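The values are calculated or read from the model by the stated rules, or taken from the named source; none is laboratory data. Note that the coordinates shown come from a computational prediction; the quantities given were computed from them, not determined experimentally. Positions of Cβ are backbone-derived with ideal geometry, glycine not excepted, and every protein chain shown enters the neighbour counts.
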Amino acid sequence: MVFSSLTFLFFFLPLALLLYYSCPKRMKNIVLLAVSLFFYAWGEPIYIFLMIFSAGIDYVHGLIIHKNRMSRPSLANIALLSSMVVNIAILSFFKYADFLVENVNLLFGTAIMPLDLPLPIGISFYTFQTMSYSIDIYRGKVEPQKNPLTLALYVTLFPQLIAGPIVRYETIAKELSNRRFQLDQFAEGVRFFIVGLGKKVLIANSIGGLWFTIQGQELSDLSMLTVWLGIIAFSFQIYFDFSGYSDMAIGLGKMFGFNFPVNFNYPYISKSVTEFWRRWHITLGSWFRDYVYFPLGGSRNGTWRTIRNLLIVWGITGLWHGASWNFVLWGLYFGFLIGIEKLGLLKLLEKMHPFFQHAYLLVIILFGWVLFVFDDLHKGVAYIKVMVGATTNKLYDMQALYFLYTHGVLLVIAVIASTPLLKHLKGKIKRAFPASFQRKAVELLSIGCLIILLVVSTAYLVNGSYNPFLYFRF
Amino acid sequence: MSFMKVMNRILIGLFAVFIGGISILHPLTKDIYFSESENRVLAQMPKFTWKQLASGNFTKEFESYVSDQFIKKGFWTGTKSVVEKAVGKRENNGVYFGKDGYLFERFEKPGEQLNSNVDYMNRFSGKIKGANTFLMLVPTSIEMYPEKLPRFAYTESEKYWMDVIQQLLNPSTTWLNAYNPLWEAKDEPIYFRTDHHWTTHGAFIAYQNAANAMGFQAFMKEDFTIETVSKNFFGTYDAKANDFTVKADKIEMYVPKFDVSYRVEFNDDTQVMDSLYAHDFLQKRDQYSFFLNGNHGKVVINSSVKNGRKLLVVKDSYAHALVPFLANHYEEIHMIDLRYYHEKLDNYIEKETISDVLFLYNIATFSEDPNLIWLNQ
């Protein structure tokens with residue numbers, strides 16, 4: 001099930017909240033586990049067993065690692081290794097087996113049949129969570145969970161299950177065993193959820209429609225302006241879709257008493273690639289930093305080692321986004337740029353006018369999305385050729401003007417919503433009108449806006465034409 | 001209690017009432033079987049079986065059930081369309097919101113199918129002997145009213161592609177020009193504003209112009225009494241556009257003042273009517289089916305005209321508004337819709353001693369219909 005659906009909003013969520021808040025305290029974890037399993041089984045009736053299996057494996061490994069950490073380190077090492085192998089094997093089997101088969105066939109001219117298994121939704125998210133659990137126990141950062149049902153709850157917790165954020169066990173360990181209903185937290189959750197829903201349904205789906213129209217046409221018929229508009233539309237679509245999902249997840253987490261980490265922090269206002277990746281999909285970046293980049297030695301062993309480590313980490317980061325070469329290339333592209341920035345470009349950039357820094361980042365991101373969005377590298381390259389004017393396509397045409405005319409307002413809204421402008425504005429208004437009745441009016445107004453957002457989002461869902469789920473490959 | 005606590009309570013209360021209220025109202029509202037406004041059967045509550053659940057079909061069907069039967073659908077549809085217009089949207093599902101209440105479907109650049117279709121027709125007309133062949137391609141409304149389109153709205157030129165077809169056409173087939181007479185009459189209501197068809201009046205103009213080439217003397221407007229049979233027609237463009245500001249179209253019927261009668265057979269006598277019009281459809285969404293009872297594979301019209309002339313019309317639904325005029329000049333008219341009729345037509349022409357063959361399509365259907373292949377089998 002996805003959050004941005006009528007079934008979730010008007011059947012699953014009210015029922016889940018009702019069950020959860022009407023049951024006695026000692027039953028809450030069981031109810032939430034049952035509800036989460038139901039949520040996953042709704043879209044993946046068979047793969048639910050895979051997830052339960054995965055949780056069971058990690059439960060056992062966690063206990064073994066913890067027991068032997070001090071007394072028999074070699075056994076703890078083996079248990080950690082075994083945990084990693086099982087997790088990575090499951091992920092690889094479902095996500096990368098066909099990719100491997102395809103490449104082996106291509107390389108050696110063999111004709112091995114691909115497995116054609118559908119990818120279990122969210123598998124990349126929950127395997128990364130369970131791996132962090134085993135590693136953190138090994139590192140002595142957390143105690144293992146004694147209650148298998150509580151660990152199962154951590155793995156299956158529905159708000160963050162299918163599209164992140166990647167929540168580490170240590171982040172919510174306390175909340176898993178002990179949490180209280182707090183009115184303010186619940187209200188904050190409602191705010192997060194509605195804003196996330198609006199981002200996904202109103203902005204991402206609408207602007208995504210523009211990209212859908214443009215990419216569906218013959219490239220030779222498009223003007224240069226149109227292809228730029230197309231990739232700009234996709235940039236907004238993926239940002240508002242992904243960060244909208246994260247916001248909804250954070251909001252739902254709060255409604256059930258959990259505090260998940262922030263996953264997006266206005267990435268498009270960054271001034272360098274390095275900064276961008278500190279603001280984009282934060283939980284994934286920090287996962288790779290803490291569990292891959294630092295263990296490899298990070299940037300402490302000289303330039304060449306650093307570059308090697310960057311390429312490894314970014315190659316895998318790319319591959320994490322989908323089993324296809326274009327994702328690997330997309331990851332390496334960022335690894336390369338971050339390397340160059342480390343070598344001195346960053347210092348150079350900082351001396352320039354902020355305008356150039358922003359322009360530099362945005363252009364890099366846009367070309368990056370071209371690599372990301374086309375599976376077929378030839379198509380990606382052909383698209384870039386039109387973008388840079390290396391073809392005979394027109395500079396602009398009637399269609400491009402029409403797209404600008406009909407999507408201009410939406411683009412302006414998307415630009416504003418990509419920046420913290422509204423947040424700052426609200427703070428400013430609060431400070432400018434310190435009188436209590438004025439503050440009350442501002443607060444009431446913001447509640448009114450949220451309700452309107454919720455009603456309009458519902459209207460868009462009822463007549464939903466274009467409502468894709470973008471992470472089926474993650 | 002602090003002020004923020006009160007505010008938070010209000011917010012939580014409103015949220016709960018909204019999602020909870022709808023979830024309670026949904027099962028209490030009676031499900032609808034057929035939606036007149038969308039012209040389709042709505043999804044019903046799926047039957048639960050473990051097998052359906054394991055395959056994932058149950059949950060999929062349940063989701064379509066929820067969205068199809070959602071309460072107050074009209075309200076939500078209206079809300080969405082108002083918001084979309086406000087942020088600048090000027091089309092929905094490829095249908096533009098034009099000026100003066102017109103809706104227009106974009107004419108997309110034709111692909112290979114267009115060339116194939118001309119080729120199928122040429123080969124077919126080369127095969128049949130002893131019958132005259134005619135082609136009438138009718139432009140759609142978007143071609144006639146570029147000034148009513150939204151700013152910068154793009155569409156492929158129909159004129160251009162009609163010229164291409166005329167060039168490719170086998171010379172033995174007579175080209176019946178509908179474009180110029182319709183263009184000259186564009187200030188009159190020749191197209192529906194909310195539907196993809198032309199009006200009776202538009203068809204009448206094309207009929208008068210075709211008379212000479214087809215070899216008969218057309219009747220004049222004065223020979224008919226014009227009756228308005230519907231004032232509440234919302235057509236297919238309306239269904240696609242969901243634009244709440246458009247007004248209903250009206251449908252006219254040209255009743256001959258002269259003496260004539262018809263017998264209309266559908267699909268080899270499975271249904272017979274003594275009228276060219278099916279009034280029942282005027283009570284439904286699909287009111288254009290008033291003309292000749294909608295789409296059928298084969299329709300044969302026997303008229304009281306006794307001149308021995310027999311016409312075969314290979315067509316799309318644009319023919320339904322025009323054929324009633326032709327029926328006053330032919331003893332028999334055989335209408336074939338290749339989407340539903342797949343038998344050998346050259347044998348049919350011989351067997352029924354057809355004297356004239358008319359291909360009648362609007363340019364949009366003709367450029368993408370994959371069924372003309374049935375002409376050559």
Exercise for review: Report, by residue number, each residue of region B:17-51 that is within 12 Å of chain A (Cβ to nearest Cβ), in a helix (DSSP H, G or I) and within 21 Å of B:Gln69 (Cα to Cα).
Suggested key: B:Val17, B:Phe18, B:Ile19, B:Gly20, B:Gly21, B:Ile22, B:Ser23, B:Ile24, B:Leu25, B:His26, B:Pro27
Exercise for review: Name, by its number, the condition in (1) among the hydroxyl-bearing types (Ser, Thr, Tyr); (2) surrounded by 17 or more Cβ atoms within 10 Å (Cβ to Cβ); (3) under 30 Å from B:Phe124 (Cβ atoms) that does not hold for B:Tyr237.
Suggested key: (3)
Check your understanding: Which of the residues spanning region A:383-426 are of a type in the set (Gly, Ala, Ser), modelled with pLDDT of 90 or more and either over 15 Å from A:Met224 (Cβ atoms) or part of a loop (DSSP other than H, G, I, E, B) (or both)?
Key -> A:Gly408, A:Ala414, A:Ala417, A:Ser418
Check your understanding: So A:Ser54 fits all but one of (1) hydroxyl-bearing (Ser, Thr, Tyr); (2) touching a Ser or Thr at 6+ places or on another chain (Cβ under 7 Å); (3) over 27 Å from A:Val142 (Cα atoms); what number is the exception?
Key -> (3)
Point to revise | Residue list for region B:144-167, restricted to those being part of a helix (DSSP H, G or I) and in contact with a Leu (Cβ under 9 Å, 6 or more places away or on another chain) | key: B:Met144, B:Glu158, B:Trp161, B:Met162, B:Val164, B:Ile165, B:Gln166
Check your understanding: Looking at region B:80-90, which of the residues that are at the interface with chain A (Cβ under 7 Å from one of its Cβ atoms) and touching a strand residue (DSSP E or B) at 6+ places or on another chain (Cβ under 9 Å) is farthest from A:Leu461 (Cα to Cα)?
Key -> B:Arg90
Exercise for review: Just need a number here: residues in region A:129-186 that are assigned to a loop (DSSP other than H, G, I, E, B) and either more than 17 Å from the chain's Cα centre (by Cα) or within 14 Å of chain B (Cβ to nearest Cβ) (or both).
Suggested key: 14
Check your understanding: If we keep just the residues of region A:447-470 that are farther than 30 Å from B:Leu42 by Cβ and surrounded by 15 or more Cβ atoms within 10 Å (Cβ to Cβ), which is farthest from the other protein chains (Cβ to nearest Cβ)?
Key -> A:Leu450
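Yes/no matrix, rows are residues, columns are (1) over 19 Å from A:Ile238 (Cα atoms); (2) more than 14 Å from chain B (Cβ to nearest Cβ); (3) β-branched (Val, Ile, Thr):
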| residue | (1), (2), (3) |
| --- | --- |
| A:Tyr333 | no, yes, no |
| A:Lys351 | yes, yes, no |
| A:Lys379 | yes, yes, no |
| A:Leu395 | yes, yes, no |
| A:Val409 | no, no, yes |
Practice item. Look through A:Ile416, A:Ile451 and report the one residue that is more than 23 Å from the chain's Cα centre (by Cα) and of a type in the set (Val, Ile, Thr). Key: A:Ile451
Practice item. Scan region B:177-230 for residues that are touching a strand residue (DSSP E or B) at 6+ places or on another chain (Cβ under 7 Å), assigned to a strand (DSSP E or B) and surrounded by fewer than 23 Cβ atoms within 10 Å (Cβ to Cβ) and report the count. Key: 7
